[in-house]
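Single-structure report; data block below.
The values are calculated or read from the model by the stated rules, or taken from the named source; none is laboratory data. Note that this is a predicted model, so its numbers are computed, not measured. Cβ: placed from backbone, ideal geometry, glycine included. Neighbour counts: every protein chain shown.
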Amino acid sequence: MKHWFQTKNMIVLFGVVLIYGIVQLLNLNDIMPPFFQLNLILACVYIIMAASLNLINGITGQFSIGHAGFMSIGAYTSAIVTAKLGGPLYLALIAGALSAGIAGVLIGLPTLRLKGDYLAIATLGLGEIVRVIFMNIDYVGGASGLSVPSTINWTWAFSLMVISVIAIHNFTTSTHGRACISIRENEIAAEAMGINSTKYKVLAFAIGSMFAGLAGGIYANYMYLIHPLTFNFLKSFDILVMVVLGGLGSLTGSIIGAIVMTFTSALLSGLSEWRLVITAVLMVVLMIFRPIGIMGTKEFSLNFLGKKGERNDSSQNK
Amino acid sequence: MTLLKINNLSKSFGGLKAVSKLNINIEKGELIGLIGPNGAGKTTIFNLLTGVYVPTEGEILFEEKNIAGLKPYQVTHRGIARTFQNIRLFGDLSVIDNVKIALHQHAKYSTLSAIFRMPSYYKGEDEMEAKSKELLKIFNLQGQAQEIAKNLPYGEQRRLEIARALATDPKLLLLDEPAAGMNPQETQELTNLIRFIREKFQLTVLLIEHDMSLVMQVCERIYVLDYGMIIAEGVPKEIKSNPKVIEAYLGEEVD
């Protein structure tokens, strides 16, 4: 257990608690405008989405652009549990995450044989298929959507976001995460080094989908109404933009990307038709001046606090 | 004891017979060379042995079990490791991570204990760290452990590839042109290194090489391949004076 209480982890913990505390204090005293409350919770949802997509796209190198599909599976499953069956919120979130994870395995097994562009097209198509299916199920309201009681608050959203990020970080920095990275780096060499590439691609895909399902569950139980069109391919692209903006393969980059994109959209919400144009221009500018994304594949770290040359020892366990 | 026995192995790509009716026997502990002109099918044989290609016919018996048709990672789990002719390191990762990835199949903790950071995770990681440092030390790369693999000089990249292959704990090591692109001094060092690791890890080594000084120095037996067929087999001395070999390399004598 002594590893859990390294200085670095304590500093991160302090920062996390500080952010939570400040926002919670502002919320409780009604200083925080509702518009900001909404966007802070959305930021948490998108951080989970971006971090989980980064696990698939950035860490394992499998280019998937159907992430909103898994989000919708999680959203609808958890909405059914709370709105239709009257179940508790935690059960709904677990059900949402698990159903999306199982869908990830089922979809991942056949599609992950494809590479590059082909995989991207297949996942894009699957995301749309999921959306059309929900559109045509009357039980969940079809095209008019499904109304869900709003039970998620800042505490739920923030703590689930922190748990998700820690889980993804811990997976990435283990030997299993390194196996995924080796597939990204050179699949032939990875296989020759004894790594079952199919297994790890599907595993990364399943974990990524599971967290997308969790994010969907949080979203559904906060927004009052979920609608199939919310989870169209533009949503998948939004998430992808966050990951690329932050830097493919960098978890902290995904977090930064998600925050930047959420608040850029929020600031531009007054000029709705210009929003997409301005985000597109931002992306073009970024790709010209920093094509590897804000963070590249590097992580923001507190290593400068530790001794030099102990990078690996100190980067474990957030 | 026979470690590897290849019986009547053939591989065709469409109408082209890249390897035909190949028979090779390797005893435990031997150091065997596989030579031949460009395009003779040497690398194809490596790819067949390691599961990259599925043989058209024939069998590959490794420790008396047929491994033909297994996936590359399964072959590695059985105890065959290889290096590549065109270096295939995990270029953007640190030197030590390259070795750690090869240690993965012996990892002692599960995905869940990694996510929940159980004690087995820390124990497993510490063991892997120690083991990879040990290997890097043998290959004199301990100083570059944190460096990015693609930034290493060519010779060191080659050494790292061998270190990484050894991390899988193989019984048979396949080296595909380990001296390619090395200067004479580096080749000499490599020669000594191959001898040393063979003793230290009790390996059986099969190597493809064009550098004859290396082949003639270290190999105990040599197979010569041309047009996918074995044209000669024997100790270095016999091979040097074999007219068929000279013909394959230099062409027929003119009357």
| request: Could you list, in sequence order, all residues of segment B:64-91 that are surrounded by 16 or more Cβ atoms within 10 Å (Cβ to Cβ) and in a loop (DSSP other than H, G, I, E, B)? | output: B:Ile67, B:Ala68, B:Leu70, B:Lys71, B:Gly79, B:Thr83, B:Phe84, B:Ile87, B:Arg88, B:Leu89, B:Phe90, B:Gly91
| Filtering segment B:17-43 down to residues that are β-branched (Val, Ile, Thr) and under 13 Å from the mean Cα position of the chain (by Cα), which residue is farthest from B:Arg221 (Cα to Cα)? | B:Thr43
| remark: Across segment B:42-51, the tally of residues that are more than 12 Å from B:Phe84 (Cα to Cα) and at the interface with chain A (Cβ under 10 Å from one of its Cβ atoms) stands at 1
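Going by the conditions given, is A:Ser269 on the phi < 0 side of the Ramachandran plot, assigned to a helix (DSSP H, G or I) and surrounded by fewer than 24 Cβ atoms within 10 Å (Cβ to Cβ)?
Here the answer is yes, as A:Ser269 does meet what is asked.
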| remark: B:Leu174 fails exactly one of (1) aliphatic (A, V, I, L, M); (2) under 25 Å from B:Met1 (Cβ atoms); (3) in a helix (DSSP H, G or I), namely (3)
| task | Might you check whether a residue that is within 25 Å of A:Val148 (Cβ to Cβ), touching a Pro at 6+ places or on another chain (Cβ under 9 Å) and in a helix (DSSP H, G or I) occurs anywhere in segment A:83-102? | result | yes
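Name the one entry in B:Ile197, B:Ile148, B:Ile222, B:Ile162 that is aliphatic (A, V, I, L, M) and farther than 27 Å from B:Asp92 by Cβ.
That would be B:Ile222, the only listed residue that is aliphatic (A, V, I, L, M) and farther than 27 Å from B:Asp92 by Cβ.
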| note | A careful count of residues in segment B:122-132 that are more than 20 Å from the chain's Cα centre (by Cα) and surrounded by 15 or more Cβ atoms within 10 Å (Cβ to Cβ) gives 7
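Tell me, yes or no, whether segment A:288-311 has at least one residue that is of a type outside the set (Lys, Arg), assigned to a loop (DSSP other than H, G, I, E, B), modelled with pLDDT under 60 and buried (at least 16 other Cβ atoms within 10 Å of the Cβ).
Yes, that holds for at least one residue.
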| query | Residue check, A:Asp30 against (1) surrounded by fewer than 17 Cβ atoms within 10 Å (Cβ to Cβ); (2) within 14 Å of chain B (Cβ to nearest Cβ); (3) in a loop (DSSP other than H, G, I, E, B), all met but one. Which one? | reply | (2)
| Failed condition for A:Phe70, given (1) within 15 Å of the chain's Cα centre (by Cα); (2) under 21 Å from A:Arg178 (Cα atoms); (3) part of a helix (DSSP H, G or I), with all others met? | (2)
| task | Only residues that are over 16 Å from B:Phe46 (Cβ atoms) and either assigned to a strand (DSSP E or B) or among the aromatic types (Phe, Trp, Tyr) (or both): list them for segment B:225-249, please. | result | B:Asp226, B:Tyr227, B:Met229, B:Ile231, B:Ala232, B:Glu233, B:Gly234, B:Tyr249
| Quick check, is B:Glu161 touching a Ser or Thr at 6+ places or on another chain (Cβ under 6 Å) and within 24 Å of B:Ile32 (Cα to Cα)? | yes
| Here are some conditions: (1) under 25 Å from the mean Cα position of the chain (by Cα); (2) part of a loop (DSSP other than H, G, I, E, B). B:Arg117 meets all but one. Which one does it not meet? | (1)
| Name the pairs: first residue in segment A:1-25 and away from chain B (no Cβ under 14 Å) and aromatic (Phe, Trp, Tyr), second residue assigned to a helix (DSSP H, G or I) and surrounded by 12 or more Cβ atoms within 10 Å (Cβ to Cβ), Cβ to Cβ under 7 Å, at least 6 apart or on different chains? | A:Tyr20/A:Phe158
| field | Checklist (1) away from chain B (no Cβ under 14 Å); (2) at pLDDT 85 or above; (3) within 22 Å of A:Asn54 (Cα to Cα) applied to A:Ser250, failing item | value | (1)
| With respect to B:Gly58, is the statement that it is at pLDDT below 95 and crowded, with 22+ Cβ neighbours inside 10 Å true? | no
| message | If I filter segment B:92-114 down to residues being touching a Phe, Trp or Tyr at 6+ places or on another chain (Cβ under 6 Å) and not in a loop (DSSP other than H, G, I, E, B), which single residue comes out as nearest to A:Glu185 (Cα to Cα)? | response | B:Asn98
| task | Take segment A:149-205 and flag every residue that is within 12 Å of chain B (Cβ to nearest Cβ), under 30 Å from A:Tyr20 (Cα atoms) and of a type in the set (Gly, Ala, Ser). | result | A:Ser164, A:Ala167, A:Ser174, A:Gly177, A:Ala204
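Residue-by-condition table, conditions (1) within 27 Å of B:Lys133 (Cβ to Cβ); (2) free of Cβ contacts under 8 Å to residues at least 24 places away in the same chain; (3) not aromatic (Phe, Trp, Tyr):
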| position | (1), (2), (3) |
| --- | --- |
| B:Phe13 | no, yes, no |
| B:Thr76 | yes, no, yes |
| B:Asn86 | no, yes, yes |
| B:Ser94 | yes, no, yes |
